[in-house]
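Q: Here it is, the structure, as structure tokens.
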Amino acid sequence: MNLKGLDYDYASVYLVRDGDEQLKPDYRALNPDGIVPTLVDGGAVLTQSLAIAEYLEETHPEPALLPRDQLDRAFVHSVALQIACDIHPVDNLRVLKYLKRELKVPDDVKDAWYRHWIESGFASLEMRLANDKRVGALTFGDTLTLADLYIVPQVFNAQRFSIDLTPYPTIRRIAERANQIDAFARAAPANQPDAE
């Protein structure tokens, strides 16, 4: 929304503080899955980050976050989907909480689980990005795309768990470049109104 220059009202949903706010009845009435993000636009309620990003792209096409060429657009989608479908789901908060609460997995084992899936996913993603001529300062040349919207938070999560990003120089470089863009800086977790 920052990239599209849209005005919006920010509503905090605390995932860990105050007892899993995303699972409380008020939020689940809005998003039955009890996950974030949720976008309310007029009377419409949208869930899932990719669906929200696609909706914003279609309703506010400038600046474009997808290339016009079909093969280039498919490349950008494939990078975003690799993170959204293959890396992030096995590492998201509800999986980690299930490992800890239900399966009684110790913290060190839970953290090893997290590291394994990030490192495995980043290894293949790094190989793809490092060897694709379309990659520049960002995932698609120097043009910000949907793929960069997925790389940045996944790198943030990896850093939160102290994962060494040295083996992934292309991913790290893309995230660093994207984070220099004002819209990303304003969206950083530390810059949110509810940041601790």
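The values are calculated or read from the model by the stated rules, or taken from the named source; none is laboratory data. Everything numeric here is computed off the predicted structure, so don't read it as measured data. Positions of Cβ are backbone-derived with ideal geometry, glycine not excepted, and every protein chain shown enters the neighbour counts.
Q: Looking at this structure, is L15 touching a residue at least 12 places away in the same chain (Cβ under 8 Å), under 19 Å from A187 (Cβ atoms) and outside any loop (DSSP other than H, G, I, E, B)?
A: So L15 fails the test.
Q: Right, here's the next one. Would you point out the residue of the stretch 154-178, among those that are in contact (Cβ under 8 Å) with a residue 40 or more places away in the chain and under 15 Å from the mean Cα position of the chain (by Cα), that is surrounded by the fewest Cβ atoms within 10 Å (Cβ to Cβ)?
A: In this case the residue turns out to be N157.
Q: Determine if the stretch 29-38 includes at least one residue that is among the polar types (S, T, N, Q), crowded, with 17+ Cβ neighbours inside 10 Å, at pLDDT 90 or above and within 15 Å of the chain's Cα centre (by Cα).
A: Yes: one or more hits.
Q: Please verify whether the stretch 57-71 includes one or more residues that are in a helix (DSSP H, G or I) and crowded, with 16+ Cβ neighbours inside 10 Å.
A: Yes, there is a match, as at least one residue in the stretch 57-71 is in a helix (DSSP H, G or I) and crowded, with 16+ Cβ neighbours inside 10 Å.
Q: Could you figure out which of (1) under 17 Å from P63 (Cα atoms); (2) surrounded by 16 or more Cβ atoms within 10 Å (Cβ to Cβ); (3) touching a helix residue (DSSP H, G or I) at 6+ places or on another chain (Cβ under 9 Å) isn't true of V135?
A: Every condition holds for V135 apart from (1).
Q: Output yes when any residue across the stretch 48-70 is among the basic types (K, R), under 26 Å from N157 (Cα atoms) and without any contact (Cβ under 8 Å) to a residue 24 or more places away in the chain, and no when none is.
A: no
Q: Of all helices (runs of 4 or more DSSP H) completely enclosed by the stretch 91-196, which ones contain at least 1 residues that are closer than 20 Å to L81 by Cα and modelled with pLDDT of 95 or more?
A: The qualifying helices (runs of 4 or more DSSP H) are 107-130, 146-160, 169-179.
Q: So, one more: Could you tell me which numbered condition G34 fails, if it satisfies all but one of (1) touching a residue at least 12 places away in the same chain (Cβ under 8 Å); (2) not in a loop (DSSP other than H, G, I, E, B)?
A: Only one criterion is unmet by G34, namely (2).
Q: In addition: Restricting the search to the stretch 11-39, which residues are touching an Asp or Glu at 6+ places or on another chain (Cβ under 9 Å) and closer than 25 Å to L66 by Cβ?
A: Correct list: empty.
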